[in-house]
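This report refers to the structure that appears directly beneath it.
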Amino acid sequence: SCLCTKTTRNLWKTVTYAFIIGFVPALYISVRLAPFVAGSAAENRLILMGSFELTRERFWPVLGAMILMGLMIFVISIIFELVSQIMELLSGLGAAGGLFALIALVVGIIHLGLMIFYNAVVYGAQFAFSAIIYRRLKTGE
């Protein structure tokens, strides 16, 4: 076996261990802090430890909901990216000049509007998701 293979193997081991050491605690903390932002806004005070209290016996349902939300945002992002690439391709027609330049301008404006709409929907969904988690944990639904 050459040095290259052993070095590559050691690199993958290091990356894998670093991922596990970093990802698992980060995932745990993000689940436990899921209701923190919405709860702090609702109660008009920081509820850092209260967030841990709310999620104490509900870790797995909150994690499952976060995974589902992540998958939905992932699918929406892929669809948006496909549409975005098509629109960028169409806006490239503007280099031909004339009517194509006008079409490219209109497509570019529509594309900008879609980007703003996409960001509003995705960020709004994430904030609403946090609020829903907080409300359900707080009321016991």
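What number of residues in region 77-99 are surrounded by 14 or more Cβ atoms within 10 Å (Cβ to Cβ) and among the small types (G, A, S)?
3
Checking F74 against (1) more than 19 Å from I132 (Cα to Cα); (2) surrounded by 14 or more Cβ atoms within 10 Å (Cβ to Cβ); (3) free of Cβ contacts under 8 Å to residues at least 24 places away in the same chain: exactly one of these is not met. Which one?
Against the list (1) more than 19 Å from I132 (Cα to Cα); (2) surrounded by 14 or more Cβ atoms within 10 Å (Cβ to Cβ); (3) free of Cβ contacts under 8 Å to residues at least 24 places away in the same chain, F74 comes up short only on (2).
Could you grab me the full set of residues in region 26-47 that are within 14 Å of K138 (Cα to Cα), in a helix (DSSP H, G or I) and either at pLDDT 95 or above or not β-branched (V, I, T) (or both)? Give the derivation first.
Filtering region 26-47 down to residues within 14 Å of K138 (Cα to Cα) leaves 32-43, 47.
If we keep only those that are in a helix (DSSP H, G or I) as well, we get 32, 36-43.
The answer is R32, F36, A38, G39, S40, A41, A42, E43.
Which condition does L33 not pass, out of (1) open to solvent by 80 Å² or more (accessible area, probe 1.4 Å); (2) under 23 Å from G124 (Cα atoms); (3) touching a Phe, Trp or Tyr at 6+ places or on another chain (Cβ under 9 Å), if it passes all the others?
The failed condition is (1).
Can you name the residue in region 100-113 that is under 23 Å from the mean Cα position of the chain (by Cα) and open to solvent by less than 90 Å² (accessible area, probe 1.4 Å) and is also modelled with the highest pLDDT among such residues? Please lay out each step first, then the result.
Step one: filter region 100-113 for residues under 23 Å from the mean Cα position of the chain (by Cα), giving 111-113.
Then keep just the ones that are open to solvent by less than 90 Å² (accessible area, probe 1.4 Å); that gives 111, 113.
On the way: H111: 88, G113: 92.
By that ranking, first place goes to G113.
Which pairs do you get when a residue that is open to solvent by less than 40 Å² (accessible area, probe 1.4 Å) and part of a loop (DSSP other than H, G, I, E, B), found in region 51-64, comes within reach of a residue that is of a type in the set (G, A, S) and modelled with pLDDT under 95, reach meaning Cβ atoms under 9 angstrom, with the pair 6+ apart or on two chains?
T55/A34
The values are calculated or read from the model by the stated rules, or taken from the named source; none is laboratory data. Small disclaimer: the values here were computed from a predicted structure and weren't measured. Cβ atoms come from the backbone with ideal geometry, glycine included; neighbour counts cover every protein chain shown. Note: areas computed on protein heavy atoms with side chains; ligands, DNA, RNA excluded. Shrake-Rupley method; radii C 1.70, N 1.55, O 1.52, S 1.80 Å.
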